[in-house]
1. Scanning for something under 18 Å from residue 89 (Cα atoms) and without any contact (Cβ under 8 Å) to a residue 40 or more places away in the chain, does the stretch 138-153 turn up at least one residue?
2. Looking for something β-branched (Val, Ile, Thr) and either surrounded by fewer than 21 Cβ atoms within 10 Å (Cβ to Cβ) or modelled with pLDDT of 90 or more (or both) - is there at least one such residue anywhere in the stretch 259-271?
3. Need at least 1 residues that are in the same structural domain as residue 272 (by TED's automatic domain parsing) and surrounded by 20 or more Cβ atoms within 10 Å (Cβ to Cβ) per element, so show me which helices (runs of 4 or more DSSP H) inside the stretch 149-252 make the cut, counting only ones lying wholly within it.
4. Check residue 135 against each of (1) closer than 19 Å to residue 26 by Cα; (2) touching a strand residue (DSSP E or B) at 6+ places or on another chain (Cβ under 7 Å) and name the one condition it does not meet.
5. Out of all the residues in the stretch 119-135, is one or more closer than 22 Å to residue 21 by Cα, part of a helix (DSSP H, G or I) and not aliphatic (A, V, I, L, M)?
6. Kindly evaluate residue 156 against the criterion of being at pLDDT 90 or above, more than 15 Å from residue 9 (Cβ to Cβ) and β-branched (Val, Ile, Thr).
7. Give the stretch 52-77 a look and list any residue that's out of contact with any strand residue (DSSP E or B) (no Cβ under 6 Å at 6 or more places or on another chain), touching a residue at least 60 places away in the same chain (Cβ under 8 Å) and among the hydrophobic types (A, V, I, L, M, F, W, C), or say none.
8. Within the stretch 133-146, is there a residue that is touching a Lys or Arg at 6+ places or on another chain (Cβ under 8 Å), surrounded by fewer than 16 Cβ atoms within 10 Å (Cβ to Cβ), modelled with pLDDT under 95 and farther than 19 Å from residue 193 by Cα?
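The values are calculated or read from the model by the stated rules, or taken from the named source; none is laboratory data. All figures in this text were calculated on a predicted structure; none of them were measured in a lab. Cβ coordinates were reconstructed from backbone atoms using ideal geometry, including for glycine residues, and neighbour counts include every protein chain displayed.
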Amino acid sequence: MSEIRFSVVIPLFNKATTIVRSIESVLHQTLAAYEIIVVDNGSTDDGASLVNGIKDARIRLLQQVNQGVSAARNAGIAAATGTHIALLDADDAWAPGFLAAMQDLIAAQPEAGWFASGYAFRYEDGDKAPSHPTLEAFSAGLLPDYFAVVSQGDMVATASSVVLPANVLQQVGGFAEGERIGEDQDLWARIALQYPVAFDPAVFAYYYQDSPDMATKARVDTKEWPFIARLEKAGRTLPFERQKTLYQYLSRQLVGQASQLVLAREFDAAQKILGKPLAKISGLRWAYWQVRNYLHI
């Protein structure tokens with residue numbers, strides 16, 4: 001195998017309070033990154049100045065007008081010169097062994113379309129592991145069926161725990177731009193439709209929950225997330241078993257979106273989404289009613 005060179009891409013938008021923590025977690029890796037590309041996506045705080053204040057020749061700061069996180073990630077990917085793109089959000093961080101673990105996973109499973117480590121949600125009072133019921137006995141390697149895993153539990157990869165081969169991105173394209181949510185799940189799924197994916201359940205990435213402007217907290221879409229319709233269409237040509245697990249995953253996403261809408265008291269939009277035939281496949285429509293009961297509606 002040729003030398004693995006990690007290009008770290010960090011999108012930045014008004015994260016002056018956390019960007020230094022994120023970059024320092026890259027600088028403290030036991031395996032050095034080849035380059036660190038920070039894309040300032042039209043920030044109005046002093047985050048870019050803080051990046052410029054970190055003296056490391058591997059750091060490059062790109063600046064552009066605000067076009068959304070997908071455009072920022074795509075700009076960083078386009079500028080990268082490494083063999084593999086390691087993504088990290090400006091309010092998250094890696095444990096020191098993340099890149100070394102990903103190098104080992106790549107060497108063991110070079111045919112994979114993406115690679116990810118385990119991650120934990122980091123709260124002020126401690127860490128919380130995501131739920132992966134089907135992976136309790138799994139050790140590092142290729143997932144038997146990505147969609148089966150994520151249809152039964154939390155996401156396996158986040159935009160701070162995944163590494164993408166540059167040549168795969170050239171083939172499948174980057175992040176969908178102009179969409180408020182789901183752009184990361186869309187890319188992981190598009191690649192998983194064409195390649196096996198590799199996972200190391202050891203926790204090396206931390207998904208911080210203390211940022212006031214987190215996307216998951218600030219964004220509630222009343223229309224079906226666009227990536228769901230795209231993947232549903234792509235699944236029509238799949239063999240039955242693969243189509244089945246893909247549609248179970250998409251059904252779970254629809255129910256999850258409906259539950260978010262209920263919490264936002266967008267009841268008509270939630271009912272509309274749950275009325276879609278795809279939403280009924282997972283058998284999880286009861287989750288919507290659980291949320292309503294929780295709100296005493």
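1. Looking through the stretch 138-153, none of the residues is under 18 Å from residue 89 (Cα atoms) and without any contact (Cβ under 8 Å) to a residue 40 or more places away in the chain.
2. no
3. Result: 226-234.
4. (1)
5. Within the stretch 119-135, not a single residue is closer than 22 Å to residue 21 by Cα, part of a helix (DSSP H, G or I) and not aliphatic (A, V, I, L, M).
6. Criteria met by residue 156.
7. 71
8. Looking for residues that are touching a Lys or Arg at 6+ places or on another chain (Cβ under 8 Å), surrounded by fewer than 16 Cβ atoms within 10 Å (Cβ to Cβ), modelled with pLDDT under 95 and farther than 19 Å from residue 193 by Cα, one finds none in the stretch 133-146, hence no.
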